[in-house]
Amino acid sequence: TAQRVSVLGLGAMGTALAKALLAGGHQVTVWNRTAAKAEALADAGAVAAATAEEALTASDLVILCLLDDASVREHVEPAAARLSGRTVVNLTTTTPEQARGLGRWAAEHDIALIDGGIMAVPAMIGTPGAFVLYSGAQAEFERYRQVLELFGKPEFVGADLGAAAMYDVSILGGMYAMFAAFQQGGLMVRSVGGSAARLAELMTPFLQAMATLLAADAVGIDMPEDFTQVQSDEFTAAAIDLIDKAAVESGNPTELFGVLRRTLTGL
Ligand code: NDP
């Protein structure tokens, strides 16, 4: 059934979210600090609110996609009384503690808060590859699940408001570690007349296979007392030291592998 939904923040991501809601047949109210960004959405059927407060109070479900925690506070705090009884889904990227802080404020004003972390770029919104992490008010999450499904697969990760942000940054950490090692490897293979392009071709299927081992690795972190380690710390440390030596031989010394060794083995 069609719902009234407001979207505040029409940057690249907010615009994609508003479009997905319109495509889903909802009654969408939008607001952006720079009003011109609302025009295309108004032409597509959204109502452009004149002020943030007007957008915040036009719907029972309010989606925020602003820049950061400060810009969220700036616009929601003055409207606290009028937001009472509504559900706010904050898809603005914040730290876990910022999400909890907004939650304490929301609880004082009887506002149901859900924090979200979008695991997609704007072009992926509404496509099968996209998923969005949510935490906080679970009953309201379930109530609006069908609306939230329009953005990407909704994944509820906990009642702690900081959970979505903590999973979000943990996933991104995995991504950056992968890119850092690829960048280093690219330099290393170039020293033997190879190319990063060839390395990508060979590394991609290997990493895809390795990624399937994360679930088994999780046991060692979640239940260390039940976990039988396959490879000893000494073996892993020696393997990583060999990579480090090769990096030096290639003329591209790096701190990366020392950090990996200490993180993975404590040695
Ligand atoms: P953009 O830079 O495209 O848009 C930023 C938006 O924030 C604009 O609507 C801007 O308004 C608004 N804004 C900034 N400061 C203020 C303020 N003080 N008051 C009111 N509005 C303000 O960013 P995105 O749309 O890409 O990102 C929005 C959020 O989504 C961010 O938190 C980002 O981390 C998150 N996100 C983005 C992803 C992406 O791939 N793009 C992926 C996952 C999360 P104005 O037009 O007036 O400048």
Check on Gly251, of a type outside the set (S, T, N, Q) and over 32 Å from the mean Cα position of the chain (by Cα):
yes
What pairs come up if the first residue lies in segment 234-247 and is more than 26 Å from Arg190 (Cβ to Cβ), the second is of a type in the set (A, V, I, L, M, F, W, C) and in a helix (DSSP H, G or I), and their beta carbons are under 7 Å apart, counting only those six or more places apart or on different chains?
Thr236/Leu264
Applying the selection to segment 117-131, what residues are part of a strand (DSSP E or B) and either within 9 Å of the ligand (Cβ to nearest atom) or at pLDDT below 95 (or both)?
Gly117, Ile118, Met119
Quick one: would you say Gln184 is farther than 30 Å from Ala112 by Cα and in contact with a Ser or Thr (Cβ under 6 Å, 6 or more places away or on another chain)?
yes
Could you say which residue among Asp168, Asp110 is away from the ligand (no atom under 16 Å from the Cβ) and either closer than 23 Å to Glu54 by Cβ or among the charged types (D, E, K, R) (or both)?
Asp110
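In segment 98-110, how many residues are surrounded by fewer than 24 Cβ atoms within 10 Å (Cβ to Cβ) and either over 18 Å from Ala139 (Cβ atoms) or in contact with a strand residue (DSSP E or B) (Cβ under 9 Å, 6 or more places away or on another chain) (or both)?
So the first thing to find is which residues in segment 98-110 are surrounded by fewer than 24 Cβ atoms within 10 Å (Cβ to Cβ), and the list is 98, 100-101, 103-105, 107-110.
Then drop every residue that is not either over 18 Å from Ala139 (Cβ atoms) or in contact with a strand residue (DSSP E or B) (Cβ under 9 Å, 6 or more places away or on another chain) (or both), which leaves 98, 100-101, 103-105, 107-108.
The number of residues fulfilling the criteria is 8.
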Filter result (closer than 21 Å to Asp69 by Cβ and of a type in the set (A, V, I, L, M, F, W, C)) within segment 122-147:
Val132, Leu133, Ala137, Phe141
Out of the residues in segment 142-152 that are under 17 Å from the mean Cα position of the chain (by Cα) and away from the ligand (no atom under 13 Å from the Cβ), state the one that is surrounded by the most Cβ atoms within 10 Å (Cβ to Cβ).
Leu148
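Kindly evaluate Leu41 against the criterion of being over 21 Å from the mean Cα position of the chain (by Cα) and closer than 20 Å to Leu148 by Cβ.
Values: over 21 Å from the mean Cα position of the chain (by Cα): yes; closer than 20 Å to Leu148 by Cβ: yes.
Yes, satisfied.
Considering only segment 165-182, I want to know if a residue exists there that is among the aliphatic types (A, V, I, L, M), surrounded by 16 or more Cβ atoms within 10 Å (Cβ to Cβ), modelled with pLDDT of 95 or more and under 24 Å from Phe131 (Cα atoms). Quick ask: steps written out before the conclusion?
Kept after step one, since they are among the aliphatic types (A, V, I, L, M), are these residues of segment 165-182: 165-166, 169, 171-172, 175, 177-178, 180-181.
Adding the requirement that they be surrounded by 16 or more Cβ atoms within 10 Å (Cβ to Cβ) leaves 165-166, 181.
Filter once more, keeping what is modelled with pLDDT of 95 or more: 165-166, 181.
Subsequent filtering for residues that are under 24 Å from Phe131 (Cα atoms) retains 165-166.
Yes, segment 165-182 has at least one match.
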Selection from segment 148-167 of residues part of a helix (DSSP H, G or I), under 30 Å from Thr1 (Cα atoms) and touching a residue at least 60 places away in the same chain (Cβ under 8 Å) yields Ala163, Ala164, Ala165
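The values are calculated or read from the model by the stated rules, or taken from the named source; none is laboratory data. Note that this is a predicted model, so its numbers are computed, not measured. All Cβ positions, glycine included, derive from the backbone under ideal geometry; neighbour counts span all protein chains shown.
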